[in-house]
Each structure stands twice: as structure tokens, then as C-alpha cells.
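Read through the structure below, which is laid out as C-alpha cells, and then see the notes.
The values are calculated or read from the model by the stated rules, or taken from the named source; none is laboratory data. Keep in mind it's a predicted model, so treat the numbers as computed, not measured. Cβ placement follows ideal geometry from the backbone for every residue including glycine, while neighbour counts extend to all protein chains displayed.
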Amino acid sequence: MTVEVRDVAPGLWLWRQRHPDWTEGEDWPPEVASFAVESGGVDLLLDPLAPPPSAGEAWKRIEGLRPTVLAVLKPDHLRDVALFVRWYGARAFGPFLFWANDLPRAELERLRPDDDLPGGLVALHDGREAMETPLYLPEQRALVSSMTGPGS
């Protein structure tokens, strides 16, 4: 599996890969993005999906970051947050609502619009009744949402 690693701005990069649960006919593209950000002295992963072991560049950068905070932006984006919580002892934030077949396996602190996250990130209202919680990254002057990434 190919994993693309791309620098977006100083202190902000992403990795993109095919989602392992994607099948033909899904209403979302097969390639999904996960983000890493360094802000206010805090290292964070946003919507992280663990790359395969063969994705050396992505793992090298994640290991170098050693994230202390994780954020889930959308109820169905739990992905591998529990894995990263276990490996790095990171605090995890996420929405209150989850799909019945995708319950969290790690304790998440509630993420709501107008919340300030460690590192100065700010949770925003998505205009879709909390189906997503976009984050504003003030140091990078960037907005990250589930729709952010190449081709979005």
C-alpha cells in the first residue's frame, strides 16, 4: 500500500493512504488523510489512521513527533485513535456522538465547537449539526476538516 506524506505548512503535514475498509460503491473516496501538527509546543495527530508497517517515512515522522494529543474530527473517524493513545499515552478528544458499530476503544474527552485544545487549536462549528468538528490551527493559519487534503 502506498502512503503519501506531504508537508502542508511549517509544523503541519499529512499522510494519505487507502482506507482498509473502503469498498467499491462507497460514498467517500478510497484515499483518506490524517494530519500531524506542532502548535504551541504540543504535538498532535488529527483523525489518525495508522500507516502500514511498510510506510517508513510516515512512521519515522510520527515517531519523531511523539504526539501527546489526538483529535477525532468526525464521529466515524475513530480510526486508530485507541492504538495511538496506547502507544504514546496521548490525551484524546472527540465528538460525543458515534455510530453504533464504531464505538471508541479509548476514553475521549469531549470536543465541542469553541473548545480550545492544547497547542492553541480551536474547535469550530461545522454548520451540519455536529457531524464534524473542524479545527483552526492558529500558528499555521489553517483549517483542518475531514474534507481537507489533496483532491478535496
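Residue 27 meets all of the listed conditions (1) over 26 Å from residue 2 (Cα atoms); (2) of a type outside the set (Lys, Arg); (3) modelled with pLDDT under 85 but one, namely (1).
Just name the residue that is farthest from residue 137 (Cα to Cα) out of those in the stretch 45-70 that are basic (Lys, Arg) and free of Cβ contacts under 8 Å to residues at least 24 places away in the same chain.
Here is the first cut: in the stretch 45-70, the residues basic (Lys, Arg) are 60-61, 66.
Subsequent filtering for residues that are free of Cβ contacts under 8 Å to residues at least 24 places away in the same chain retains 60, 66.
Numbers: 60: 23, 66: 19 Å.
Out of the qualifying residues, it is 60.
Considering only the stretch 71-89, I want to know if a residue exists there that is touching a residue at least 60 places away in the same chain (Cβ under 8 Å) and closer than 20 Å to residue 141 by Cβ. Looking for residues that are touching a residue at least 60 places away in the same chain (Cβ under 8 Å) and closer than 20 Å to residue 141 by Cβ, one finds at least one in the stretch 71-89, hence yes. When residue 118 is tested against (1) modelled with pLDDT of 75 or more; (2) touching a helix residue (DSSP H, G or I) at 6+ places or on another chain (Cβ under 9 Å), exactly one condition is not met: (2). For the stretch 8-16, does any single residue satisfy the condition of being within 19 Å of residue 123 (Cβ to Cβ), more than 15 Å from the chain's Cα centre (by Cα) and modelled with pLDDT of 95 or more? The answer is no, given that none of the residues of the stretch 8-16 is within 19 Å of residue 123 (Cβ to Cβ), more than 15 Å from the chain's Cα centre (by Cα) and modelled with pLDDT of 95 or more.
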